[in-house]
């Protein structure tokens with residue numbers, strides 16, 4: 001059962017369309033399992049969910065307890081598709097004209113689920129190539145921007161349509177990659 | 001002493017958090033940013049705390065110990081910089097105030113009341129990401145976060 005809520009734009013210099021909070025359906029026991037959803041009544045409605053995922057990063061042949069490679073410090077190097085941007089660059093992107101959806105990932109260095117989310121977004125970037133633009137913002141670096149955007153739980157994703165009349169969609173917590181695909185394909 | 005002075009002026013110090021002052025604006029608030037590795041002592045304290053609390057609460061670490069390691073380091077980093085292990089998976093308007101207030105100090109209120117840990121540090125057995133372990137070694141933490 002989807003629950004949409006329109007938020008008034010944050011009082012700041014950032015320019016963004018009105019924001020919808022997107023809720024996923026209650027947990028289902030399916031091939032893509034969901035964990036418990038929870039619901040904080042704070043400044044904004046959000047949800048948290050987690051799911052299993054397949055990662056392409058299984059390079060080691062040694063028996064390891066990790067599902068994927070350890071997080072790499074050079075995740076901002078050039079060959080990563082999801083680029084880390086500054087607040088000014090993101091605002092330029094949002095203000096400017098685009099023909100593809102924009103996905104902004106707000107993360108923090110020491111947030112575990114953000115690492116998993118970053119890997120999912122890399123996979124998504126490979127899948128969508130030039131049909132979606134995915135960028136990330138370090139909330140510790142861009143403190144004021146994150147505050148203006150009312151980022152609370154991490155990771156937080158904003159999905160912004162190229163159509164300025166459509167509302168932006170915001171999600172909190174680790175979400176399944178299929179949900180991201182659904183939002184991009186159906187809502188944008 | 002000299003090392004500390006150097007450390008505070010550069011961002012490459014190891015084990016010593018650096019503080020940046022607010023960039024303009026009318027608010028005179030100390031802005032605390034995570035820039036360097038947490039101290040070994042704090043990591044060890046948070047590691048022991050995580051193991052003990054997982055046992056006590058009947059929760060388990062993630063199958064991917066990388067997630068557990070990163071969160072433990074995040075807690076250690078906040079303990080170093082703020083004096084309290086503030087949840088690393090949230091963004092705060094005022095970190096020192098939040099650390100003083102205590103709602104999001106690990107174990108946070110949602111965890112204590114409902115066993116909900118959105119950092120995926122403490123997972124209930126029915127969670128699909130939950131592994132079977134309630135222990136993690138310092139070596140595992142170091143290995144998983146070696147490249148960060």
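Results, tabulated for the structure shown:
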{"item": "Bins of 10 Å, starting at 0 and running to the largest distance - Cα pair percent for the stretch A:83-187", "result": "15, 53, 31, 1"}
{"item": "Residue A:86 versus residue A:127: modelled label distance in nm, points set 7 Å from Cα along the beta carbon direction", "result": "3.3"}
{"item": "Per-residue Cβ neighbour rank within 10 angstrom, fewest leading, B:90, B:55", "result": "B:55, B:90"}
{"item": "Cα shape, the stretch B:40-143, gyration tensor, a/c 1.5 rule", "result": "oblate"}
{"item": "Residue exposure sequence - A:145, B:122 - by fewest surrounding Cβ within 10 Å", "result": "A:145, B:122"}
{"item": "Cα-based Kirkwood hydrodynamic radius, the stretch A:95-152, one decimal, Å", "result": "12.5"}
{"item": "Ranking of A:184, B:45 by count of other Cβ atoms within 10 Å, fewest first", "result": "B:45, A:184"}
{"item": "Inter-part distance where the stretch A:94-132 and the stretch A:140-188 are each reduced to a Cα centre, Å", "result": "9"}
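Only the coordinates and a few stated rules stand behind these numbers; no lab work does. Computed from a predicted model, the values in this text were never measured in an experiment. Please note: Cβ atoms are built from the backbone with ideal geometry, for glycine as well, and neighbour counts cover all protein chains shown.
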